[in-house]
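Reviewing the structure listed below.
The values are calculated or read from the model by the stated rules, or taken from the named source; none is laboratory data. Predicted, not measured: the structure shown is a model, and the values here were computed from it. All Cβ positions, glycine included, derive from the backbone under ideal geometry; neighbour counts span all protein chains shown. SASA here: full protein model, heavy atoms, side chains in, ligands and nucleic acids out. Shrake-Rupley method; radii C 1.70, N 1.55, O 1.52, S 1.80 Å.
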Amino acid sequence: MAMNITFQIGALAGTPIQAESITSASTGSDSSAAAAAWKTPIPSIRCKIIKPEMLEQKSQPTSPCRSPILSGNNGIRPDLSVACRAFAAETLEFMTLDESKAAEEEKMYKEGKTEKEKGVPVYVMMPLDSVTMGNTLNRKKAMNASLQALKSAGVEGLMVDVWWGLVERDAPGVYNWGGYTELLEMAKRHGLKVQAVMSFHQCGGNVGDSCTIPLPKWAVEEIDKDQDLAYTDQWGRRNYEYISLGCDTLPVLKGRTPVQCYSDFMRAFRDNFKHLLGDTIVEIQVGMGPAGELRYPSYPEQNGTWRFPGIGAFQCYDKYMMSSLKAAAEAAGKPEWGSTGPTDAGEYNNWPEDTQFFRKEGGGWTSPYGEFFLTWYSQMLLDHGERILSSAKATFENIGVKISVKIAGIHWHYGTRSHAPELTAGYYNTRFRDGYLPIARMLARHGAIFNFTCIEMRDHEQPQDALC
């Protein structure tokens, strides 16, 4: 009803209620009984209460606070008289509570506090060359001023690439944390949290790479001696961005396996920065491939090899990967499948329908051989992730940091049946198969965060014919 509660009670009593002030109270037993009887409609009334200072003085509405004396002597039913008093008393209580809450909220706002944290914490990615090749902090004064500005703007923290090629550059097992010590201590002074990226890849040659930081000098020397340590395509091109996962468990790096090198690096980081872990350093993102992503370097931009939206190329032609393929084919009872990868999958800049392997009708990707190859190729990537995550979990367990892994958002040609660019990158995801569920399950086993790139992009921002 449109009438206020005072007039509703008056109507029920059959007697008009005069506008007077309340000056008496009923007995305790009557008040409690009446309050119980009138609690039901109160919540909807409470939300209509307006602070006195917000009212216009020239037009003050009738308020329950100004209800008249109600008693049996003025012809109004005694139970309704008690109800009015109870309602008026409870409304005053609500107003007091609301005003008190509003004052508290205003105080919290002024102090920059919230009763419960809301929204998404923002982390700002630091420049890739924040630490110089000489292991010092780059542009130190400007960096300090920038961190202070970020903190003032309400930023939660920073994401920092910790480059293997810088820290362990000169000799195996010799770590120089110089510039990173300065940067992390600076972040702590400004009250900023840090997501540290264990970057075991080369910087340079990928989208957004603004500088060049190669793999450690001694590791590059080993690759120069045995180029099959590098990912290789069917035309013999070698890729020095990341050491081939085909030799993960072989002691090819001065007596250590690549996975042992990554494990030793993470342990050295933990031991050197243990006083910051869990407080300043809150997350460790573990690099697992080119651009730090769990994938093959199937679309290298360096030297113009690949251009968007080309399908890319399989990276399984080094001798270590081919040895694994041969063993898998023999185990499957198809030794003839182990001599090479697909030979009809086109080139880096082809589109799916340009190739026999990826075309939608009768493409090799749907054949028994295609299914065998893609299963092996993607499983090798999963096993690589499993090995490094197992080590990362053992290194950083129970010290208050999260572990995350970056998965590439390969969006082009997603509208086709074969999803060729995802397949060459190692994600066996097609229109008929979910290739990300096995990755998610692998990460879940280790309690790792699934960090998916390109999630902020929109279809209309890309060329329509690329079917992103």
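Structure summary
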| quantity | calculated |
| --- | --- |
| Pairs where the first residue, in the stretch 406-424, is in contact (Cβ under 8 Å) with a residue 40 or more places away in the chain and aliphatic (A, V, I, L, M) and the second is in a loop (DSSP other than H, G, I, E, B) and open to solvent by less than 10 Å² (accessible area, probe 1.4 Å), C-beta under 6 Å, 6+ apart | Ile407/Leu294; Ala408/Arg295; Ala420/Ile311; Ala420/Phe358; Ala420/His413 |
| The stretch 185-196: number of residues that are open to solvent by less than 10 Å² (accessible area, probe 1.4 Å) and assigned to a strand (DSSP E or B) | 2 |
| Condition check for Trp351: in contact with a Phe, Trp or Tyr (Cβ under 6 Å, 6 or more places away or on another chain) and either at pLDDT 95 or above or closer than 27 Å to Thr249 by Cα (or both) | no |
| Condition met for Asn429 (open to solvent by 20 Å² or more (accessible area, probe 1.4 Å) and of a type in the set (S, T, N, Q)) | no |
| Hits in the stretch 252-294 (condition: at negative phi, touching a helix residue (DSSP H, G or I) at 6+ places or on another chain (Cβ under 7 Å) and in a loop (DSSP other than H, G, I, E, B)) | Val252, Phe273, Leu276, Thr280, Met288, Leu294 |
| Complete set of residues in the stretch 432-461 that are polar (S, T, N, Q) and either open to solvent by 40 Å² or more (accessible area, probe 1.4 Å) or touching a helix residue (DSSP H, G or I) at 6+ places or on another chain (Cβ under 7 Å) (or both) | Asn451 |
| Top-ranked residue in the stretch 393-423 [being hydroxyl-bearing (Ser, Thr, Tyr) and more than 20 Å from Met442 (Cα to Cα); ranked as nearest to the chain's Cα centre (by Cα)] | Tyr414 |
| Qualifying residues in the stretch 295-317 (those that are on the phi > 0 side of the Ramachandran plot and more than 27 Å from the chain's Cα centre (by Cα)) - the one most open to solvent (accessible area, probe 1.4 Å) | Asn303 |
| Residue satisfying all of: in the stretch 245-284; open to solvent by 10 Å² or more (accessible area, probe 1.4 Å) and among the polar types (S, T, N, Q); nearest to Lys406 (Cα to Cα) among these | Ser263 |
| From Val174, Val155, Val162, residue being within 17 Å of Phe269 (Cα to Cα), assigned to a loop (DSSP other than H, G, I, E, B) and either more than 24 Å from the chain's Cα centre (by Cα) or modelled with pLDDT of 95 or more (or both) | Val174 |
| Among the residues listed as Asp233, Asp224, the single one being charged (D, E, K, R), without any contact (Cβ under 8 Å) to a residue 60 or more places away in the chain and either under 18 Å from Arg169 (Cβ atoms) or buried (at least 19 other Cβ atoms within 10 Å of the Cβ) (or both) | Asp224 |
| Test set (1) in contact with a helix residue (DSSP H, G or I) (Cβ under 8 Å, 6 or more places away or on another chain); (2) open to solvent by less than 60 Å² (accessible area, probe 1.4 Å); (3) among the acidic types (Asp, Glu) - Asp129 fails condition number | (1) |
| Out of Thr395, Thr375, sole residue that is of a type in the set (S, T, N, Q), open to solvent by 40 Å² or more (accessible area, probe 1.4 Å) and modelled with pLDDT of 95 or more | Thr375 |
| Residues of the stretch 359-384 satisfying the condition of being charged (D, E, K, R), part of a helix (DSSP H, G or I) and closer than 14 Å to Phe432 by Cα | Glu371 |
| Pair list, Cβ under 8 Å, 6 or more apart: the stretch 237-249 residue farther than 14 Å from Gln302 by Cα, other residue small (Gly, Ala, Ser) | Ile243/Ala219; Ile243/Ala230; Ser244/Ala230; Leu245/Gly289; Gly246/Ser323; Gly246/Ser324 |
